[in-house]
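Asks: Questions regarding the structure given below will be posed in turn.
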């Protein structure tokens, strides 16, 4: 099998400027080829499949940006995320009587129903149980939400699906931390073979000690794979610090998403236990930030 190695445009200029030897050039090309082959091997990694009603599904991950629920809906419809938010917002305003009795201002930073709808329309406000119900009714399609059990198999979450709607379902998986990913039939080649498709995988995070045992070039490759910015002139210690800071930032974001699922009263109970000071009028977002700062 022939492998094509793409040479950077400025490589030959650097060879002349820094008087790189043929032996060093061979090492650079070999390292680049090995990196390319590893990347291809990772993309060919066998996809984990899940059986739902005798049909094979795979998980397609979507960004953790507050739009995740709407991003899954986008994969199943001809609407963009913006279109879905707009349509769901209009539907919830037109059918206020259907949803208002289940709306609690305390769980939405004290926002009125109309303010909450405006947030759904124009911000990255995440979709709660009311938005899920409204989306099902608006699209006239049931939404089946699954989560993983202790054996890492999928089980359907009770109460989320409107069983009165009989059209083709939309499938998604909830990760237990306020995030949704899409469940796509394995036979759907258009989506599965899309280059943006991400195979379900867990990050293999490294410790500071493990990073110190790596070469500077290995750490740069690691940063590149995880989309962490760095300068070519960065010292090894700086590269390690950037990697560890990114982990810390990711963990804080993950913890923030987790705390978002708490009720305001539960957040205050947690703060009481940790002896964290707060004001009775503090909004949910401020309570969460104070908890994160204390941890």
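The values are calculated or read from the model by the stated rules, or taken from the named source; none is laboratory data. Note that the coordinates shown come from a computational prediction; the quantities given were computed from them, not determined experimentally. Neighbour counts are summed over all protein chains in view; Cβ atoms, including those assigned to glycine, are modelled from backbone coordinates with ideal geometry.
Asks: So is residue 158 farther than 26 Å from residue 252 by Cβ and buried (at least 16 other Cβ atoms within 10 Å of the Cβ) or not? Give the derivation first.
Replies: On the way: farther than 26 Å from residue 252 by Cβ: yes; buried (at least 16 other Cβ atoms within 10 Å of the Cβ): no.
When the stated conditions are applied, residue 158 does not pass them.
Asks: OK, next. If you go through the range 212-220 one residue at a time, do you hit one that is in contact with a helix residue (DSSP H, G or I) (Cβ under 6 Å, 6 or more places away or on another chain), outside the structural domain of residue 57 (by TED's automatic domain parsing), modelled with pLDDT of 85 or more and over 26 Å from residue 67 (Cβ atoms)? Give the steps one after another, and end with the answer.
Replies: First pass over the range 212-220, keeping only residues in contact with a helix residue (DSSP H, G or I) (Cβ under 6 Å, 6 or more places away or on another chain): 216, 219.
Remaining after also requiring outside the structural domain of residue 57 (by TED's automatic domain parsing): 216, 219.
From what is left, the residues that are modelled with pLDDT of 85 or more are 216, 219.
Next cut, over 26 Å from residue 67 (Cβ atoms) only: 216, 219.
Yes, that holds for at least one residue.
Asks: Follow-up. Pick out, from the range 5-96, the helices (runs of 4 or more DSSP H) lying fully within it that include 2 or more residues that are modelled with pLDDT of 95 or more.
Replies: Numbers: elements: 11-18, 22-43, 68-76, 81-94.
In the range 5-96, 68-76, 81-94 are the helices (runs of 4 or more DSSP H) which contain 2 or more residues that are modelled with pLDDT of 95 or more.
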